[in-house]
Structure formats: C-alpha cells, structure tokens
Amino acid sequence: MAVETSREPIRPVTGTHVVRVQHEGIATADAERSKDFYCRVLGFQVLPRPAFTSGGYWLGTPGIFPQIHIIQSQMQPPGSSPLGRHTCFEVADYEAMKATLEREGIKYVENTQPGGRVQMLCNDPDGNTLEFQPATV
C-alpha cells in the first residue's frame, strides 16, 4: 500500500524555518583521539576553526554540512553550553526563532562567537542542548 504525501510545502506555524542541521558538537576529554577517529573512520578533514578558548577541531568536508565539532571539555553532556554535546540548526529567521523561544517561555543564552557570528542556546525538555544560528544558505 502506497502512502500518499502532499506536494504542498510545509509552512511552519512558529514563524521559523530550519534550513539544515549545520553541525553536531561532541565533547571529549581527548580531542586528538576523537579527531583521529573521525578523520580515519569517516574520512573527514580538519577544517578552519575560530580561536576559541577551548581546544578542539572542526571536521568535515569543505563546503558541505553537517560537520562534527570536536570540543575539548570535561563537561558531561547534556549541558546548556556549546562546550558540551549539542545540535546546531541554521534558521531562516533568527529573530523569529528568538521570539518563538520567548513566547514559549524557553530560557536561552545568546552569544557572539569569535568572528562575530551570533548563536542562541537552549535546552529541550530532556536537557539536550540546541543551538540556533542565522542561515548562511
């Protein structure tokens, strides 16, 4: 039995639109070991990374998403920081995403990364960290 699907585009009711999963952030006590694993097993390359205060690597294929962000940290995920395990979503309308979080009473933290890129971080009901950034596509 075939399942019928609508050809109509999905229109979010929140005023937001997730464009793509940009990266997965993985906290590790040994960034070198993790880098070696992801490069060796998945064939990722080391990508340029801003001068964060924590050690780590950005891994992937240049110009293609998602990426893996290896973060040197003793933090045990989940957490409310980009230094722990998290998923980053690029959104078409960053201000609409912020308004949605505020309307829903979801606490968030907003940061500016080295290089000037803004991000918002919040937790889902189970404590998993979600990051939102303005879309680059």
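The values are calculated or read from the model by the stated rules, or taken from the named source; none is laboratory data. If you're wondering where the values come from, they're calculated on a predicted model, not measured in any experiment. No Cβ is skipped: glycine too gets one built from the backbone with ideal geometry, and neighbour counts run over all protein chains shown. To get the accessible areas, we keep the full protein, side chains included, count just its heavy atoms, and leave off ligands, DNA and RNA. Shrake-Rupley method; radii C 1.70, N 1.55, O 1.52, S 1.80 Å.
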* Asked: Amide H to amide H under 5 Å from Gly55: which residues, 5+ apart in sequence or cross-chain, H placed 1.01 Å off N in plane?
  -> Gln72
* Structure fact -> Rounded to the nearest 0.05, FRET efficiency between Phe65 and Arg103 (Cβ-Cβ, R0 35 Å) equals 0.80
* Accessible surface of Glu110 - all protein chains present, 1.4 Å probe, nearest 10 Å² -> 80 Å²
* How much length is gained if the chain between Glu95 and Arg40 is pulled fully straight, taking 0.36 nm per residue apart and subtracting their Cα-Cα distance, in nm to one decimal? -> 15.9 nm
